[in-house]
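Peer 1: Before anything else, here's the structure in question.
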């Protein structure tokens with residue numbers, strides 16, 4: 001499809017996709033958006049007519065993605081080859097929140113004085129804040145990060161075990177049924193073949209082990225051009241996320257409300273054969289995109305005081321981060337201050 005044709009497409013238009021849906025195999029779809037929200041370049045994003053999963057079309061190959069994430073992703077979307085201190089502060093706070101949510105929605109992971117150390121793997125570990133937190137809690141914690149600069153930072157600055165490489169390559173070195181916890185925060189939406197990846201991940205978990213996933217909610221309130229861009233190959237609602245996990249052989253243990261800005265799910269691997277797919281054919285992603293308009297969005301942002309709130313948050317992060325010499329000192333202080341609030345058994 002040429003760029004002129006792309007400019008003529010609109011949300012809700014029918015499309016027989018160049019790539020099949022990675023969840024159900026269907027090609028018939030409806031167009032959600034026709035431009036990259038960050039670059040304004042042509043990019044088709046569609047909603048599957050069978051299961052409702054959102055995806056870009058055509059889907060990139062594993063090799064294309066591996067090359068892009070290894071060298072370009074952080075620079076293109078974070079403007080950095082290593083994390084800034086204020087980003088480490090934000091990621092550390094997110095790590096604390098995620099651990100607390102996990103403990104509230106599972107049992108058996110909290111460390112105790114007499115228990116054997118649990119093993120964990122954080123896929124897409126970025127600069128390593130969640131791995132560092134779990135290591136401090138007594139886990140045998142390690143991570144996988146495709147970006148060379150961030151993986152190097154995490155190893156050298158935090159002293160944690162981070163494997164730099166593709167998901168497929170790094171997972172091949174993990175023993176079957178060996179891990180108590182695998183976490184994936186804002187990773188699943190980047191994968192072109194999620195079912196195959198999830199089944200490999202499931203095989204690395206112990207029978208009682210947990211997979212903890214967080215992805216952006218593609219239904220959430222945002223500006224008309226913010227949601228869809230090259231870095232994300234898949235777009236989820238709460239239903240399609242759970243459908244994907246169940247079709248990949250997992251049972252859902254707990255999940256966040258479908259209205260959350262980010263969708264969190266904890267699941268356990270039960271079978272190499274997934275359950276039958278429950279379709280979502282009403283195209284809620286298309287409906288949500290049609291409803292996104294600059295006027296109502298900006299008005300709501302102003303009424304809720306979001307511009308001022310975001311400015312204050314950024315200023316607080318910059319001010320707080322300046323107090324620390326490096327990321328490790330920052331995280332040590334952050335995690336120590338919050339230690340009394342952490343869940344204990």
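The values are calculated or read from the model by the stated rules, or taken from the named source; none is laboratory data. Please read all numbers here as calculations on a predicted model, not as lab measurements. No Cβ is skipped: glycine too gets one built from the backbone with ideal geometry, and neighbour counts run over all protein chains shown.
Peer 1: Which residue, of 232, 225, is touching a strand residue (DSSP E or B) at 6+ places or on another chain (Cβ under 8 Å), surrounded by fewer than 17 Cβ atoms within 10 Å (Cβ to Cβ) and in a loop (DSSP other than H, G, I, E, B)?
Peer 2: Working: 232 fails: surrounded by fewer than 17 Cβ atoms within 10 Å (Cβ to Cβ).
Step by step, each of 232, 225 is checked, and only 225 is touching a strand residue (DSSP E or B) at 6+ places or on another chain (Cβ under 8 Å), surrounded by fewer than 17 Cβ atoms within 10 Å (Cβ to Cβ) and in a loop (DSSP other than H, G, I, E, B).
Peer 1: Any idea which residue in the stretch 283-297 is nearest to residue 101 (Cα to Cα), counting only those that are more than 23 Å from the chain's Cα centre (by Cα), surrounded by 11 or more Cβ atoms within 10 Å (Cβ to Cβ) and in contact (Cβ under 8 Å) with a residue 40 or more places away in the chain?
Peer 2: Restricting to residues being more than 23 Å from the chain's Cα centre (by Cα), surrounded by 11 or more Cβ atoms within 10 Å (Cβ to Cβ) and in contact (Cβ under 8 Å) with a residue 40 or more places away in the chain, the top hit is 297.
Peer 1: What number of residues within the stretch 103-118 are outside any loop (DSSP other than H, G, I, E, B) and buried (at least 20 other Cβ atoms within 10 Å of the Cβ)? Working first, answer last.
Peer 2: Our first condition is that a residue be outside any loop (DSSP other than H, G, I, E, B); within the stretch 103-118, this holds for 103-105.
Add one more test, that the residue is buried (at least 20 other Cβ atoms within 10 Å of the Cβ), and what stays is none.
Adding up the residues that qualify gives 0.
Peer 1: A follow-up question, please. Quick test for you: out of 336, 316, 304, pick the one residue that is surrounded by 12 or more Cβ atoms within 10 Å (Cβ to Cβ) and either more than 30 Å from residue 49 (Cβ to Cβ) or without any contact (Cβ under 8 Å) to a residue 40 or more places away in the chain (or both).
Peer 2: Details: 336 fails: surrounded by 12 or more Cβ atoms within 10 Å (Cβ to Cβ); 304 fails: surrounded by 12 or more Cβ atoms within 10 Å (Cβ to Cβ).
Among 336, 316, 304, only 316 is surrounded by 12 or more Cβ atoms within 10 Å (Cβ to Cβ) and either more than 30 Å from residue 49 (Cβ to Cβ) or without any contact (Cβ under 8 Å) to a residue 40 or more places away in the chain (or both).
Peer 1: Take the residues in the stretch 1-16 that are at pLDDT 90 or above and within 21 Å of residue 61 (Cα to Cα); name whichever of them is surrounded by the fewest Cβ atoms within 10 Å (Cβ to Cβ).
Peer 2: 16
Peer 1: When only residues in the stretch 58-88 that are in a helix (DSSP H, G or I), touching a helix residue (DSSP H, G or I) at 6+ places or on another chain (Cβ under 8 Å) and at pLDDT 75 or above count, which is surrounded by the fewest Cβ atoms within 10 Å (Cβ to Cβ)? Spell out the reasoning first.
Peer 2: Pass one, the stretch 58-88, residues in a helix (DSSP H, G or I): 62-71, 73-78, 85-88.
Applying the additional criterion that residues be touching a helix residue (DSSP H, G or I) at 6+ places or on another chain (Cβ under 8 Å) yields 62, 65, 69-71, 74, 78, 85-88.
Now restrict to residues that are at pLDDT 75 or above: 62, 65, 85-88.
Working: 62: 16, 65: 20, 85: 19, 86: 18, 87: 18, 88: 28.
Ranking the candidates gives 62 first.
Peer 1: Another question, then. Can you name every residue in the stretch 247-265 that is surrounded by fewer than 18 Cβ atoms within 10 Å (Cβ to Cβ) and assigned to a strand (DSSP E or B)?
Peer 2: Correct list: 251, 252, 253, 254, 262.
Peer 1: Anything in the stretch 160-190 that is in contact (Cβ under 8 Å) with a residue 60 or more places away in the chain, more than 23 Å from residue 264 (Cβ to Cβ) and in a loop (DSSP other than H, G, I, E, B)? List them, or say none. Let's see the steps before the verdict.
Peer 2: Pass one, the stretch 160-190, residues in contact (Cβ under 8 Å) with a residue 60 or more places away in the chain: 166, 168, 179-187, 190.
Now restrict to residues that are more than 23 Å from residue 264 (Cβ to Cβ): 166, 168.
Scanning the stretch 160-190 gives a single hit, 166.
Peer 1: Just to check your reading of the model, which residue among 241, 205 is within 13 Å of residue 54 (Cβ to Cβ) and modelled with pLDDT of 95 or more?
Peer 2: Working: 205 fails: within 13 Å of residue 54 (Cβ to Cβ).
Checking each option against the conditions leaves just 241.
Peer 1: Right, another one. Taking the conditions exactly as written (closer than 30 Å to residue 179 by Cα, at pLDDT below 95 and buried (at least 17 other Cβ atoms within 10 Å of the Cβ)), does residue 274 satisfy them or not? Full working, then the answer.
Peer 2: On the way: closer than 30 Å to residue 179 by Cα: yes; at pLDDT below 95: yes; buried (at least 17 other Cβ atoms within 10 Å of the Cβ): yes.
Yes.
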